[in-house]
Amino acid sequence: MKLHVDLNTNPYDIVIERGALANAGEWSRSILNCQKIAIITDNHVGGLYAEKVKLSLQAAGFEVVVFDFLEGEASKNLTTVNKAYDFLIDNHLTRTDGIVALGGGVVGDLAGFVASTYMRGIPFVQIPTSLTAQVDSSIGGKTGVNTPKAKNIVGTFAQPKGVLIDPDVLVTLGQRELIEGMGEVVKYGLIDDIELWNLLETLDGSPESILENAEAIIYHSCDVKRRIVVEDEFEGGVRMYLNFGHTIGHAIEQTAGYGKVMHGEAVAIGMVQISRVAEKKGLMPAGMTDNIMAMCDKFGLPTDYEPWKVDDLYTALTHDKKARGKAIKTVIVPKLGSAAINQIPLEEMKDYLEK
């Protein structure tokens with residue numbers, strides 16, 4: 001299956017194909033006019049797939065070097081970025097060389113940021129290996145890293161030259177890592193795709209049901225993001241719909257300590273929390289929060305987090321990228337399959353954090 005991201009500046013394709021990892025070299029050669037490629041990965045994914053991808057790239061005529069870093073959200077920072085820059089310099093990568101981001105969301109965000117800033121930008125492709133990355137973070141050109149005070153606060157918009165998704169690699173994910181990706185999938189059904197929501201309704205919520213239906217889950221999710229990104233590449237309007245649950249979710253990730261609550265878990269909690277309050281305020285229909293909670297519960301996603309510290313979460317929210325002056329833009333779901341922007345004065349935002 002293939003989806004085309006029809007951007008004026010940098011159109012590219014998303015390829016979804018079981019077993020595609022074995023053809024990474026041939027696929028990369030078709031879109032990258034490079035002599036040398038640096039694979040950027042983490043130590044866990046690197047141990048599983050870096051050699052396979054490296055050999056495929058070499059067979060396609062590339063000179064290949066591999067940079068890996070310690071897995072986890074805690075490594076998604078400027079310290080790791082500087083180590084990657086040093087590695088690229090030491091291995092003499094030039095402006096005409098390229099990067100392959102091989103891994104989950106942390107790897108994709110960090111590698112994309114490195115590619116977009118090294119020598120003012122070199123080409124890169126995304127080969128996502130986690131469900132979260134396959135359905136969300138590898139698509140759309142958002143790159144970035146965290147600081148101690150805010151998630152993804154340092155970053156760029158930089159589109160990849162292509163995205164290669166192999167659903168077969170999901171079998172090597174741990175159960176928690178697989179399930180957390182469903183936080184983003186549930187979000188897509190809620191904000192845009194009733195057909196996807198209906199598919200999720202038919203599944204029993206087990207990891208086996210996710211893996212058996214991975215191609216359809218990935219395709220629907222990527223299609224929603226593709227369409228929204230094409231309409232609003234730089235998040236001036238409807239692309240903000242993709243942030244449903246993320247405003248509070250990012251605050252949870254930051255205050256808990258990066259990596260303690262996984263991204264998709266935090267998104268699930270954020271969707272439930274903001275819906276609960278929006279429903280009380282009459283901004284979302286009665287029963288919507290219960291529907292969201294039921295879907296999250298079925299797939300084993302958390303819907304609450306302790307300790308819930310309102311003041312700490314509020315401080316984190318004030319650093320969110322969606323803050324505009326004395327207000328913050330959040331996303332609500334006025335009806336299943338659609339989204340809307342709700343601009344909230346910062347002083348009122350504490351209401352949305354109260355249990």
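The values are calculated or read from the model by the stated rules, or taken from the named source; none is laboratory data. Note that the coordinates shown come from a computational prediction; the quantities given were computed from them, not determined experimentally. Cβ placement follows ideal geometry from the backbone for every residue including glycine, while neighbour counts extend to all protein chains displayed. Ligands, DNA and RNA are excluded from the accessible area calculation, which covers all protein heavy atoms including side chains. Shrake-Rupley method; radii C 1.70, N 1.55, O 1.52, S 1.80 Å.
For the reader, a short list of remarks on this structure follows.
- Dividing the convex hull volume of the alpha carbon atoms of the chain by its residue count gives 117 Å³ per residue.
- For the stretch 276-339, the square roots of the Cα gyration tensor eigenvalues, ordered a ≥ b ≥ c, give a/c of at least 1.5 with a/b no greater than b/c, which places it in the oblate category.
- Gap separating the Cα centres of the stretch 226-242 and the stretch 134-173, nearest whole Å: 16 Å
- Cα lying deepest toward the dipole's positive end in the chain, options ASN8, ILE179, CYS296, charges on Cβ: ASN8
- The heavy atoms of ARG226 offer some 50 square angstrom of accessible surface to a 1.4 angstrom probe.
- Contact order, relative form, for the stretch 32-157: 25 percent (alpha carbon pairs under 8 Å, 6 or more residues apart, mean separation divided by residue count).
- Inter-label distance, nm, simple model (7 Å from Cα along the C-beta direction), ILE194/LYS280: 3.0 nm
- Here VAL154 sits with roughly 40 square angstrom of accessible surface, probe radius 1.4 Å.
- Cα convex hull volume per residue for the stretch 204-355 (Å³): 118 Å³
- Net lengthening on full extension, GLU306/ARG18 (0.36 nm per residue, minus Cα-Cα): 99.8 nm
- Share antiparallel - DSSP beta bridges, the chain, percent rounded to 5: 45 percent
- In this Cβ point-charge picture (+1 for Lys and Arg, -1 for Asp and Glu), the stretch 86-162 has a dipole of about 240 debye about its Cα centre.
- Anisotropy class of the stretch 1-152 from Cα gyration tensor, a/c 1.5 cut: rounded
- Computed over the chain: relative contact order in percent, which uses C-alpha pairs under 8 Å that are six or more apart: 15 percent
- For the pair ASN8 and ILE89 in one chain, pulling the backbone fully straight at 0.36 nm per residue adds 26.0 nm over the alpha carbon distance.
- Measuring against 21 Å, Cα to Cα, the residue pairs LYS225/LYS355; LYS142/LYS326; LYS2/LYS161; LYS161/LYS329; LYS225/LYS309 contain LYS225/LYS355; LYS142/LYS326; LYS161/LYS329; LYS225/LYS309 as the ones spanning a longer distance.
- Charges were assigned to the Cβ only: +1 to each Lys and Arg, -1 to each Asp and Glu. The resulting dipole of the stretch 125-277 about its Cα centre is roughly 780 debye.
- Site pair HIS319 and LYS36 shows an inter-label distance of 3.6 nm when each label is modelled 7 Å from Cα along Cα→Cβ.
- Taking the helices alone, the chain has a mean residue ellipticity at 222 nm of -12000 deg cm²/dmol, built from -39,500 (n - 2.57) per DSSP H run of at least 4 residues and averaged over all its residues.
- Using Cβ point charges alone (K and R +1, D and E -1), the dipole size of the stretch 239-355 about the Cα centre works out to roughly 460 debye.
- Gyration tensor verdict on the stretch 198-290 (Cα atoms; rounded if a/c is under 1.5, prolate if a/b is larger than b/c, oblate otherwise): rounded
- Pairwise label distance in nanometres, ASP204 with ALA327, each label 7 Å out on the Cα-Cβ vector: 4.8 nm
- A cut-off under 15 angstrom between Cβ atoms defines the neighbours of ALA101, and their net charge, with Lys, Arg +1 and Asp, Glu -1, is -3.
- Of THR172, THR129, the order by accessible heavy-atom surface (1.4 Å probe, DNA, RNA and ligands excluded), from most exposed downward, is THR172, THR129.
- Computed accessible area, GLU17, all protein chains, 1.4 angstrom probe, square angstrom: 80 Å²
- Max mean-square fluctuation residue, GNM over the chain, Cα-Cα springs under 10 Å, options CYS34, CYS296, CYS222: CYS34
- The Cα center of the stretch 264-278 and the Cα center of the stretch 289-355 differ in position by 5 Å.
- Segment GLU348-LEU70, extension gain: residue separation times 0.36 nm, minus the distance between their alpha carbons: 96.2 nm
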